[in-house]
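The block underneath contains the structure these notes are about, expressed in structure tokens.
Values in this text are rule-based calculations from the coordinates and carry no lab data. What you see is a predicted model; the values in this text were computed from it and never measured. Here Cβ is always computed from backbone atoms with ideal geometry, including for glycine, and neighbour counts include all displayed protein chains.
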Amino acid sequence: MKIEIINFEIKGNERGSLIALEENKNIPFDIRRVYYIFGTKEKVRRGFHAHKQLNQVAICLNGSCKILLDDGNEKKAVLLDQPDKGLIIREMIWHEMFDFSEDCVLIVLASELYEESDYIRNYEKYLCIEGSNG
Ligand code: T46
């Protein structure tokens, strides 16, 4: 499984830093939704699902966390600890977020509006669907 990281250009000057996120430019899809996760308690794992159609880019704006990506064959954990680094989470990739620092703010740009029916929240079902796709 290929881990896809986007390195955003920092438009910095002596006043500080700025990163611009633009759909179909440095974000590889139309951005239809933005949400952010913060205040996650220590030792809590989140996620535990795959999306049937949704593509996403996750960026840790502050602090750090890890994201486990699992394509049904292989699992890889990625540390997000820089606001200029975005992790692409493609459709049909099982993902779990963990090791949140107390100050972690994880922003996620999503290609679709929120739709609970797009979630596969059962790992056995995920493996079954993913196996029959490929
Ligand atoms: C994902 C990972 C990275 C909404 O009402 N609207 C939304 O846009 C979202 C994302 C969530 N919700 C509600 C659904 C739940 O009642 O917020 C609550 C928490 O969502 P969830 O338990 O799905 O959160 P995570 O952290 O497990 O997963 C989230 C996203 O849901 C998911 O799409 O890929 O972050």
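This table checks each residue for (1) at negative phi; (2) of a type in the set (Asp, Glu); (3) within 12 Å of the chain's Cα centre (by Cα).
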position	(1), (2), (3)
Leu80	yes, no, yes
Asp84	yes, yes, no
Arg90	yes, no, yes
Glu96	yes, yes, yes
Glu102	yes, yes, no
Ile107	yes, no, yes
Leu127	yes, no, no
Gly131	yes, no, no
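Could you grab me the full set of residues in the stretch 95-130 that are within 14 Å of Asp70 (Cα to Cα), crowded, with 18+ Cβ neighbours inside 10 Å, near the ligand (Cβ under 9 Å from one of its atoms) and touching a residue at least 60 places away in the same chain (Cβ under 8 Å)?
Met97
Go through (1) loosely packed, with under 15 Cβ neighbours inside 10 Å; (2) more than 12 Å from the ligand (Cβ to nearest atom); (3) under 15 Å from the mean Cα position of the chain (by Cα) for Ser64 and report which single condition fails.
Looking at each condition in turn, Ser64 falls short on (1).
Quick one: Met1 ticks every box in (1) assigned to a loop (DSSP other than H, G, I, E, B); (2) of a type in the set (A, V, I, L, M, F, W, C); (3) within 15 Å of the ligand (Cβ to nearest atom) except a single one, so which number is it?
Met1 satisfies every listed condition except (3).
Results for (1) more than 24 Å from Leu113 (Cα to Cα); (2) out of contact with any strand residue (DSSP E or B) (no Cβ under 7 Å at 6 or more places or on another chain), shown as yes or no for each residue.
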position: Glu9; (1), (2): yes, yes
position: Glu22; (1), (2): no, yes
position: Asn26; (1), (2): no, no
position: Thr40; (1), (2): no, no
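May I ask you to list the residues in the stretch 4-40 that are within 17 Å of the chain's Cα centre (by Cα), over 14 Å from Leu87 (Cβ atoms) and outside any loop (DSSP other than H, G, I, E, B)?
Listed by number, the residues that qualify are Glu23, Arg33, Val34, Tyr35, Tyr36, Phe38.
So for the stretch 34-50 (the condition being among the aliphatic types (A, V, I, L, M) and either within 17 Å of Glu4 (Cβ to Cβ) or crowded, with 18+ Cβ neighbours inside 10 Å (or both)), does at least one residue qualify? First the steps, then the outcome.
At the first step, the residues of the stretch 34-50 found to be among the aliphatic types (A, V, I, L, M) are 34, 37, 44, 50.
Next, only the ones that are either within 17 Å of Glu4 (Cβ to Cβ) or crowded, with 18+ Cβ neighbours inside 10 Å (or both) stay: 50.
Yes - at least one qualifying residue is present in the stretch 34-50.
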